[in-house]
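Notes follow the structure.
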């Protein structure tokens, strides 16, 4: 089942986010074959990171929760809020993906 993770940073977490980003990317790569898409959420300037949007296939909700619990940003307290929803992709992607 695919799950969408909507993750919003706590105020002032940008420096911590940048410092932990290599660990975050390494942890994410462990489920890389199951990632539909992933990336930072930004402010309107398109550059200032304010959170993350991850869409990943997991066997069930418990597995999704176990994975995010061990994610480096989560463990370090970067996120002010974590929302996880089952996601059904009904539209073929044409925009916003790396070439």
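The values are calculated or read from the model by the stated rules, or taken from the named source; none is laboratory data. Not measured: the values here are computed from a predicted model. Using ideal geometry, Cβ is built from the backbone for each residue, glycine included, and neighbour counts are taken over all protein chains shown.
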Inset, instruction - Residues being modelled with pLDDT of 95 or more, more than 17 Å from residue 7 (Cβ to Cβ) and more than 13 Å from the chain's Cα centre (by Cα): count how many of those fall in region 35-62. - result: 5
Inset, instruction - May I ask you to list the residues in region 74-85 that are under 18 Å from residue 3 (Cα atoms) and either modelled with pLDDT under 95 or in contact with a helix residue (DSSP H, G or I) (Cβ under 7 Å, 6 or more places away or on another chain) (or both)? - result: 74, 79, 82, 84
